[in-house]
Structures are given as structure tokens and as C-alpha cells.
1. So what is the calculated 222 nm ellipticity per residue for chain A, using -39500 (n - 2.57) for each DSSP H run with n of 4 or more, over all residues, to the nearest 500 deg cm²/dmol?
2. For the residues B:Met43, B:Met10, A:Met88, A:Met80, what sequence is obtained by ranking on other C-beta atoms within 10 Å, fewest first?
3. Using 0.36 nm per residue of separation minus the Cα-Cα distance, give me the extension gain between A:Thr59 and A:Tyr5 in nm, one decimal.
4. I'm checking a number: the convex hull volume of the Cα atoms of the stretch A:2-210, normalised per residue, in Å³. What is it?
5. Between A:Arg210 and A:Leu126, what is the FRET efficiency for a Förster distance of 45 Å, r being their Cβ-Cβ separation, to the nearest 0.05?
6. Rg to Rh for the protein assembly as shown: what is it, with Cα atoms only and Rh by Kirkwood?
7. What percentages, rounded to whole numbers, describe P(r) for the stretch A:81-180 computed over all alpha carbon pairs with 5 Å bin width beginning at zero?
8. What's the extension gain from B:Glu186 to B:Leu29 if we count 0.36 nm per residue and subtract their Cα-Cα distance?
Amino acid sequence: MATQYRTIMRDGLWDNNGVFSMLLGMCPTMAMTTSATNGLGMGIATAVVMAASSLLVATFRNQITQEVRIPVYILIVAAMVTLVDLCMNAWMHELYKVLGLFIPLIVSNCLPLARLEAFAAKEPVLPSFLDGLFMGIGFTLALTAIGAVREIFGSGTLFADASLLLGPAFKAMEMRVMPADMGVLMMILPPGGFLVTGLLVVVKRMLDLRAGKAIQMGGAHSAA
Amino acid sequence: MKLDSMKHGMILGAFCLGFGLLLAVTDRLTAADIAARALEDRMNSLSQVIPNSIHDNNPVTDAINMKDVRGKEITVYRARKDGKVTGVAYEIFGSGYAGEIKLMMGVDAEGKLLGVRVLAHHETPGLGDKIEEKKGDWILRFTGLSLANPLPEKWKVKKDGGQFDQFAGATITPRGVVAAVRGGLEFYAAHQAQMTEVN
């Protein structure tokens, strides 16, 4: 049992990472990684929605028939997104002002849908919840990494405005790496997103090769 | 076969009903709080262009609707002290490099600018976005100006013979903002009576 959870965790965070291995969710990845803080925000919002929708789909997996499963999955993801959007707007308004922009975009992310289909539809509730959660955290790490590289070279800062997202205690995280006018504008424009994502995919595969691991490509297969 | 598709339809319908109910309940629970937060946000952005010292009312609730030069409906927020209108704030629109720039400006009763802020824009990051207050102090230089200061022919960017700085690599953005602010001041001059009328 414990090894299964370890595999789920490793898969989500590294081995089968949603962005760097499966290349899923490219739309929010490109749009939201102009800074590390933006990437982090988008990632956290996605992780919450993924964990909740995986949990729900696994709970109802015996009631959802094969023929209507896709509309039901979309319904569940969209409902979770709306729920998070409304609750955050009402009760966590400061955070919503920063993250609010990202939340509706989660519906356009195919990573939650892929994990529902590949994992939560067949597995029990707890592993499914963990799979959603760790895939979400892996997505967060990937977006934060891409955002950090683009931000350093594009704007010369790292984690700018992080205190708006995480609270005043994180003011110390905000760094200026180099003067703003040395930034390469292209990095925060769309081409920079493709460039950095591609380079980081290469870095991950080089690390995997060095560790003697077989490279997993493209397949959205489950850990099971 | 027919029974089967009935069954699938029922399942899908049941899920739609269930999640629809869940969302309806959440909406009901959050509606009041969301409206309150939206009002607070509006007040915060207004307080940047109408200083708190010049009014004792709530400009957000003391608002009138007017048509701007393009025939578009805008809301004019009014600041009052002892019942007299001491300033107004309203949205203006400039044409930028990549679409419309939405701004909010505040004017005192004499037609002097209390402040201008950018609400939304699509200008190039790193070039045109220096019009935002958090990216530069350019937008703050409008405060205190009026149609008489500088003279109308100087309400342009320096490149066009006026007195406002353009940015290196971005002239169209500041040009659009300067024109919009000037248009906003002319709008005030033309409709002053209606905007400051005490009802």
C-alpha cells in the first residue's frame, strides 16, 4: 500500500510530471508563467481543483457509466472551479484579487481531465485524491520553475509581489537579481514561454538519463 | 438499447441537477459577501483619485450616469463636503498601442486634476506599461494640472510639441493617455453644471 502512494507521489512530482513529461496543460503554462509568483498562484489554484475533482470522480466512479463519463468529468471540473471562484471571492478576497484571474482558466486545462480519465475513474478514493493532489503540486513546481527563469531573465526580479499572494511574511522572498533595464523583453512575451519550457524539458530528460531512468514520453498513463 | 440511453441520460441529468444545486446554494451563500467586497474595491480605487480630505459622503453610492463623448454610458462618482460637490471621478478611455486603455480620473470643482490611474490596458510589458502607478511615477504628473495649465496646445507628448514625456520605445501609449485625460477635462468643462448639480 505504502509503495503505491510513494509511486503516486513520485509520478506526480517528477517521473510523470504533467508539464515536463506529459506536456499537458500548455495553455495556462504559457500564459501564466511571466513571473514565478504567477506560476505559483496558477499552480496552487489548479492543485486544489484537481484534488477535489479526483476525489469526487473516484467517489462516483461506479455510478458514472462509460458513455457519459466525459461530460460528467467536465461538469465536475467546471463545478469545482466555479465553487472555488465564488468562495475565494467572498471569503479570501485579497488572495482572490491575485489568483482570481487564473481560476476560470483551469477549465481550459486538460491535465485535470486527463488524470480523471487515466486514474480517478478506476482507482479508489484515497489514491485518486493523492494522485490529483500530487499531480497538482507537480504542476505548481513546474510552473514556478518556468516562471522563475522567465522572470529572472525578463524582468530581473524573482518572486516579485509574492507577498500579495502569500501574505506580508513572505516579503523577504521578493528579490531583485539584476537591474530592470537589463531584462530581455522576449522572455516575458509568449516566445520566451516556449523557449524556457522546451529547455527545462531537456534539462529534466538529461537528469533522468543520467540517473539511468527510461524516459517516459507523452503518454498520460496511470501509475497503476 | 433505448432503455440504455435512457439510463445514461438519467445519470448525466442527475449529476447536472446535483452540481447545479450545489452551485446555486454556494451562489446564495456568497452573493452578499461578494457584493460587499466589490463595493470596497470600488471605494479603494476611487480614493486614489479623490482624496478622502475633500469629502464626507460616500462617492460610490453618490453616483450619476451620463453619456460620454462617444455616447457610452459612464458612471460619475461625486465627492461632497457639507452637501456641496467638491470633486467628481469618472472613467475615460484612451487608444493605446494594443487596444483600449481604461483610466479613472478625478477632477475638483474648479476643473483641476486630483489624480489619474490606469484601470486596465493591454500595452506591451516593459515598454508601454510604465503608465501603471506601480511601474513608474509618470501617471502621477497629471495631478494638479488643468485645461489652463498647461495651455491646450501643450497637452501633447514632447515628440508632438507638447510637455509630456514619452517613454523610450513607446510613444503611442503616452500619447493615447494624454489625449484621453485632455478629453476628460474637456468633458468636465462642457458638463460641469450637470455633474456638480446638487439634487
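Rule-based calculations on the coordinates, nothing more; no lab input. Predicted, not measured: the structure shown is a model, and the values here were computed from it. All Cβ positions, glycine included, derive from the backbone under ideal geometry; neighbour counts span all protein chains shown.
1. -19500 deg cm²/dmol
2. Listing B:Met43, B:Met10, A:Met88, A:Met80 from fewest to most nearby Cβ atoms yields B:Met10, B:Met43, A:Met88, A:Met80.
3. 17.6 nm
4. Considering the Cα atoms of the stretch A:2-210, their hull volume per residue is 133 Å³.
5. For R0 = 45 Å, the calculated efficiency reads 0.85.
6. Computed over Cα atoms, the ratio is 1.06.
7. All Cα pairs considered, the percentages come to 2, 11, 14, 18, 20, 15, 11, 6, 2, 1, 0.
8. Working it through step by step, the gained length comes to 52.1 nm.
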